[in-house]
Amino acid sequence: MQRLFPAPAPASAPAPADLTTLDGLADAYAYPELRPGTPWLRANMVSSLDGAARHDGRSQPLSSDGDMRVFGVLRALADAVVVGAETVRQEGYRPARARDDFRARRAAAGQAPAPAIAVVSSALDLDFSLPLFTEPLTPTLVLTGADAPADRVTAAEKAGALVVVAGDGTRVDPARAVRELAARGLTRLLAEGGPRLLAQFAAAGALDELCLTLAPLVTAGDAMRIMHGPGPGLTEPERFTPVAILEEDGFLFTRYARHTGG
């Protein structure tokens, strides 16, 4: 994996991280140092050159070995992985696993051996018999509204999931979801989609960082963009600042943070 951005540092500067190793990638993608209890929500998505977030309904056909390495590192750094119910169903989500390569790093950061999966769902139309809910190393959370169907809440809790109310009515408030997770000590957050959920986080002003893999592929068709959903978007486009761009086998691995400058 080749570093393309930032530009080479002066000779007197410390050597850059070795991006060919998992530790080097972990250093390159480290979460920023923030005040205790302050959440940071980053999203990780993949897109074709023509803007498709999926092909045949799934993101995997757009991925690569390098993309999966970055995917794994971002998970290994997170306290919780936030994902929408539709993506859980389409992508066949399983519990996050503990990885020996990151065991010491996570322990030093005071993290559980594996990140929690936090599923955002209004109707709780989920199969609670799946390993995601019954066999996680770290308990799975389900973020829902105060008026979620009582029988589905019971089913989730019976399976071992932790149900978190993060909105009035049946809908989840994206900004409140971030606050609720942070209140439980889960401040290093990683959103993995889908496009509708990510659009909601961005529209709510809750997205701090976007890690986007740009695949050297075109798909045509009418697939969703990485942020695509009903409801109002941002009144004005929000600017993000590039942090790094890496390349491998024609795939670009970009990292952007919310712009805070003038």
>> Exactly one condition in (1) within 28 Å of Gly169 (Cα to Cα); (2) crowded, with 17+ Cβ neighbours inside 10 Å; (3) not hydrophobic (A, V, I, L, M, F, W, C) is false for Thr134; which is it?
In response: (2)
> Which members of segment 226-257 meet the condition of being surrounded by fewer than 17 Cβ atoms within 10 Å (Cβ to Cβ) and over 27 Å from Thr20 (Cα atoms)?
Replying inline: His228, Pro230, Gly231, Pro232, Gly233, Leu234, Thr235, Glu236, Pro237, Glu238, Arg239
> Looking at this structure, is Thr219 more than 21 Å from Pro139 (Cα to Cα), touching a His at 6+ places or on another chain (Cβ under 6 Å), open to solvent by less than 50 Å² (accessible area, probe 1.4 Å) and β-branched (Val, Ile, Thr)?
Replying inline: yes
> Applying the selection to segment 77-92, what residues are open to solvent by 30 Å² or more (accessible area, probe 1.4 Å) and either touching a residue at least 24 places away in the same chain (Cβ under 8 Å) or among the charged types (D, E, K, R) (or both)?
Replying inline: Glu86, Arg89, Gln90, Glu91
> From the set of residues in segment 145-178 that are exposed (fewer than 13 other Cβ atoms within 10 Å of the Cβ) and in a helix (DSSP H, G or I), which is nearest to the chain's Cα centre (by Cα)?
Replying inline: Lys158
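Before we move on, is Leu132 among the aliphatic types (A, V, I, L, M) and under 28 Å from Asp27 (Cα atoms)? Break it down stepwise before answering.
Working: among the aliphatic types (A, V, I, L, M): yes; under 28 Å from Asp27 (Cα atoms): no.
Judged against the criteria, Leu132 is not a match.
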>> On the basis of being under 27 Å from Thr213 (Cα atoms) and outside any strand (DSSP E or B), does Arg94 make the cut?
In response: yes
> Mind checking which residues of segment 45-64 are basic (Lys, Arg) and crowded, with 23+ Cβ neighbours inside 10 Å?
Replying inline: Arg54
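The values are calculated or read from the model by the stated rules, or taken from the named source; none is laboratory data. Only a predicted model underlies this, so the values are computations on that prediction, with no experimental measurement involved. Cβ coordinates were reconstructed from backbone atoms using ideal geometry, including for glycine residues, and neighbour counts include every protein chain displayed. What goes into the accessible areas is simple: the full protein's heavy atoms, side chains included, and nothing from ligands, DNA or RNA. Shrake-Rupley method; radii C 1.70, N 1.55, O 1.52, S 1.80 Å.
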